[in-house]
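Have a look at the structure below before the remarks.
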Amino acid sequence: ENGCANGNAKRAISFGTINGVSLTDTKQKNIQEQRQRLPIFEHKSKIIQLIRKNKTLIILSEAGSGKTTQIPQFITAAKIHDEGRIAITQPRRVAAISVAMRVAQEHGNGLSVGDYVGYTVRFEDVTSKKTKIKFVTDGMLLREAINDRLLLQYSVIILDEAHERTIHTDVLFGIVKKAQKVREERNLAPLKVIIMSATMDVDHFAQYFNDCPVVYLEGRTYPINVHFTKQPLEDYQTACVATFFQIHKQAPPSDDVLIFLTGQEEIETCAHQIRLLAKDPEVEGPPVKVYTLYAAQPGTQQMAVFNPTPYGTRKVIISTNIAETSVTISGIKYVIDSGMVKTRSFHPSTGLESLKIQRISREQADQRTGRAGRESDGICYRLYTRSQFELMNKSSIPEIQKANLSSVCLQLLALGIHMLNFDFLDKPPLESVEAAFQELKLLGAIESIESTNLTPFGKKLAKFPLDPKYAKILLTAENYGCFKEALTVVALLSSESILLNPPSRREQSQLSRQKFNSGYGDHITLLNIYMAFENIGKDNVKNWCQEHFINMRNILYVREVKNQLKEICKKCDIPASSCGGDIDQLRKCLLAGLYMNVAELHKDRQYITLDKRQLTQIHPSSVVHGQLPHYVIFTEVVQTTKCYLRDLTTLEGDWLNEIAPDYFKSINFRSNGHI
Ligand code: ADP
Ligand code: MG
């Protein structure tokens, strides 16, 4: 199988030994030809010249034109990076990994990822001393800045996907701008900064970066025929499947289809339905190969979407917004846009951070549409009406203006910066900043909300690549003698889900894991699963995972995360301990970090969050769904049409005042006794 991704390659006959050239040579030659066909390639010398000449540069071009994969290589080819490294940030770990793999492949010489080209994402560092081109999530580069404020190991920093405006990228704008200035003042090695994006409000950015030059690179785009629905739709998921089969009936098999949905569950369900229906003898159309693309997927599976499908087979890719700009797949002729996206947002008024499924912005809609016109003209079906489109926001709201800021606020304090004095591209709302300082004070990270210094405890909190609430759980575990258990739960919560719930075998998967279920809730259930896993002999892991519908890669990753967190804990002198079967100790310890996430049974099976009195319900997937415990800690709020609490641990009411007295006093909490 040839692993390269190219729409034309797919239609070519086959690869193999041709005229004595070995397969690997052919493959490498092919990859180099693909590179040269990228729109950005013809601007190579101009780009190199501009980068050489300017210390800060903004580069704009169509998604898929080759910015992320080529520009770092242009820089190394022209030796602009000198002795230093090049960092290229990506908002998503998926993108960082897949792009690094691709660039390593292009770079060739039989080198693999981690050599000349590497990547660093949370809990995974695939770089070495030799690494010159390093793809890194924006969150990880920000962490690096804590230890090295001037980012001295880098001579070039590329902040990619700037239009996404993630909280970490936004903070990095200020950090690199400052580092560049200070390095200049102190006569240190200069730092080049490149901002890259597919779309953005250029003037705003250029102004912020001291009126730096902006390059627009012409891409190639073909006309796209856009269709809206006549009526608003209730069920976009079903509509995606239906629209796909309308296309499938008529279009030639070489026309690939890209569907945008919001997350793993929706995507897997949709994939399952398409696979089933495509096999139905009454459904017309060629064979179908379905690929999925979302964050929780193993890297190798993600890379599979680039594989060419056999001649006469239609490829359909069902993706989250990853495929909007950060990952480009060739051969797409049709796009089906649900018009929805899952985003994390924080509401200072309700105190809740939730994963919310909401409408995309018009800019996002246009990016999605654009994916159909990369190689020839295309067609886009928007599963919303024209007036719904016109009511969408023009662009998405920067994350900094809607997210919980406590984690970033802590990191800035670790850098000696008070958030209110930081040079932001766009300032966060004052009430979110205040909420963040309030939270850090309650966690014990600062003395008062005016502090510009961290307490010794706060300094420890900042050492963990975790939400400060989770770091607090680890740092307090010794008081409850449950370090081992707390570490496992935090590692589980910091990784992608270990549970597999294939839509086609939902009941079977739940039954297979029933023996692990705990009446204390989901965290303890996950802990039970993990402990069982640790007792499985190495040779049986695969079977055991299959038997219990456990995602093997993710559970192995949890073990890795656990080890890394353990190292940091060691440096913080946290003694190892275990509470054995005394799970109350662990439940109390979880409360010590997550006291802000407590909800109380209200009425009609509803729960009310203690902090901001928000009405919610227990998610049906929870093991305590239907049990109606009086008090629960939750780690996730999911908002669809209703607001759900996910991942719970049950609590005893009298623990609240015992474990976080200041907090519960501050919100005037009084136990309501029995209902
Ligand atoms: P941009 O950053 O401008 O959006 P990229 O550099 O990400 O563009 O992508 C350039 C091209 O590289 C795309 O056409 C894409 O299909 C191809 N590409 C990226 N990753 C892979 C991969 N893992 N396998 C094959 N092709 C890839
Ligand atoms: Mg890119």
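Per the Debye formula on identical point scatterers at the alpha carbon atoms of the stretch 604-673, with no solvent, log10 I(q)/I(0) at q = 0.22, 0.23, 0.25, 0.29 Å⁻¹ is -1.02, -1.09, -1.23, -1.45. Helix screen, the chain: DSSP H segments with Cα axial length of 20 Å or more and mean Kyte-Doolittle hydropathy at least -1.0 are 93-107, 167-185, 236-250, 264-279, 552-571. Of the GluC sites (Glu not before Pro) found in the stretch 482-573, not one falls in a DSSP loop while having at most 14 other beta-carbon atoms within 10 Å.
For the chain, the share of DSSP beta bridges that are antiparallel, to the nearest 5, is 35%.
Take the Cα of Asn535, step 7 Å toward its Cβ, do the same at Glu507, and the gap between the two points is 2.9 nm. The HN-Hα couplings worked out from phi for the stretch 626-636 by the Karplus form 6.51 cos²θ - 1.76 cosθ + 1.60 (θ = phi - 60°) are x, 8, 6, x, 5, 10, 9, 9, 10, 10, 8 Hz, whole numbers, x standing for Gly and Pro. Restricting the stretch 481-580 to chymotrypsin sites (Phe, Trp or Tyr not before Pro) that sit in a DSSP loop and have at most 16 other Cβ atoms within 10 Å of their own Cβ leaves nothing.
Close amide H partners of Leu499, meaning residues 5 or more places away or on another chain with modelled amide H under 5 Å apart, are Asn551.
Between Ser666 and Gln606, the simple label model (points 7 Å from Cα in the Cβ direction) yields a spacing of 2.7 nm. Sequentially through the stretch 112-119, phi angles give Karplus couplings (6.51, -1.76, 1.60; θ = phi - 60°) of 10, 4, x, 8, 5, 10, x, 8 Hz, Gly and Pro residues having no value and appearing as x. Quick one: what does P(r) look like for the chain with 20 Å bins over all Cα pairs, in whole %? Calculated over all Cα pairs of the chain, the distribution is 17, 51, 30, 2, 0 percent. For the stretch 496-654, the Kirkwood estimate of hydrodynamic radius, built from reciprocal distances between every pair of different alpha carbons, is 17.2 Å. A simple count of charges around Met531, restricted to other residues whose Cβ falls under 13 Å of its Cβ and scoring Lys, Arg +1 and Asp, Glu -1, yields +2.
If you take the Cα centroid of the stretch 567-623 and the Cα centroid of the stretch 75-112, the two points sit 41 Å apart. The trypsin sites (Lys or Arg not before Pro) of the stretch 173-259 meeting both criteria, a DSSP state outside H, G, I, E and B (loop) and at most 10 other C-beta atoms within 10 angstrom of the site's C-beta, are Arg186, Lys230. Calculated mean residue ellipticity at 222 nm for the chain: -12000 deg cm²/dmol, from DSSP H runs with n ≥ 4 weighted as -39500 (n - 2.57), summed, divided by the residue count and rounded to 500. If R0 is 25 Å, the Cβ-Cβ spacing of Asp377 and Glu218 corresponds to a FRET efficiency of close to 0.90. Taking amide hydrogens as placed 1.01 Å from N in the peptide plane, the amide H of Val215 sits under 5 Å from those of Ile58, Ile59, Leu60, each at least 5 positions away in sequence or on another chain.
Summarising the amide proton neighbourhood of Lys192: residues at separation of 5 or more, or on other chains, whose placed amide H is nearer than 5 Å comprise Val156, Ile157. Spin-label model, Thr641 to Lys394: label points 7 Å out along the Cα-to-beta-carbon direction sit 3.4 nm apart.
Note on the stretch 435-490: Cα-only Rg and Dmax are 11.7, 35 Å. One decimal place: the segment Thr455-Glu652 gains 67.9 nm when fully extended, by the rule 0.36 nm per residue minus the C-alpha distance. For Asp25 and Lys46, what is the calculated FRET efficiency with R₀ set at 35 Å and r taken between the beta-carbons, to the nearest 0.05? For Asp25 and Lys46, the calculated efficiency is 0.70.
A short reminder: the numbers here are calculations on the coordinates, not readings from a lab. What you see is a predicted model; the values in this text were computed from it and never measured. No Cβ is skipped: glycine too gets one built from the backbone with ideal geometry, and neighbour counts run over all protein chains shown.
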